[in-house]
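Heads up: the structure comes next, in structure tokens.
The values are calculated or read from the model by the stated rules, or taken from the named source; none is laboratory data. It should be emphasised that the depicted structure is a prediction, and the values quoted were computed from it without experimental measurement. All Cβ positions, glycine included, derive from the backbone under ideal geometry; neighbour counts span all protein chains shown.
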Amino acid sequence: MAGYVKNPTPDEVKGKIAEALSVAKDTGKLRKGVNEVTKSIEKKSAQLVVIAEDVQPEEVVMHIPILCEEKGIPYAFMTTKKDLGAAAGLIVPTSSIAIENPGGAKELLADIIKRLPKK
């Protein structure tokens, strides 16, 4: 497991995150990639940030959990970049995604945030 993963996300929550990303991509707004996610966190428009656990080099994403904690934004981890990209409907892997507007996944997002390990 990567050094930036302090509180691993439980597997049952990862499934809910994948579902929320899939719904939000159609009915809400996602920001994909480290640069876009970082901007979303800094503007405090992210409602949930999801980071892949297999990013190499780790330095690419290791600032994201710290930023989220500073801004009070919940974050979670997916096992692989491929899983994260697929959940968001991308054909390429991605290292991080921010949900800015959950759209139809609003209730699912609230349930996910409740189930995340406390930081």
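Tabulated results
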{"read-out": "Filter result for P117 (at pLDDT 95 or above and either over 21 Å from N7 (Cβ atoms) or outside any helix (DSSP H, G or I) (or both))", "value": "no"}
{"read-out": "Condition met for K6 (at negative phi, in a loop (DSSP other than H, G, I, E, B) and of a type in the set (K, R))", "value": "yes"}
{"read-out": "Residues (in contact (Cβ under 8 Å) with a residue 24 or more places away in the chain, out of contact with any Phe, Trp or Tyr (no Cβ under 8 Å at 6 or more places or on another chain), surrounded by fewer than 20 Cβ atoms within 10 Å (Cβ to Cβ) and aliphatic (A, V, I, L, M)) located in the range 36-68", "value": "V60, L67"}
{"read-out": "Options K44, K32, K39; residue that is modelled with pLDDT of 95 or more and closer than 16 Å to G89 by Cα", "value": "K32"}
{"read-out": "Among the residues listed as A24, A46, the single one being within 19 Å of L116 (Cα to Cα), out of contact with any Leu (no Cβ under 8 Å at 6 or more places or on another chain) and not in a strand (DSSP E or B)", "value": "A46"}
{"read-out": "Subset of the range 11-25 that is touching a helix residue (DSSP H, G or I) at 6+ places or on another chain (Cβ under 7 Å), more than 19 Å from C68 (Cα to Cα) and not small (G, A, S) - its residue that is surrounded by the fewest Cβ atoms within 10 Å (Cβ to Cβ)", "value": "E19"}
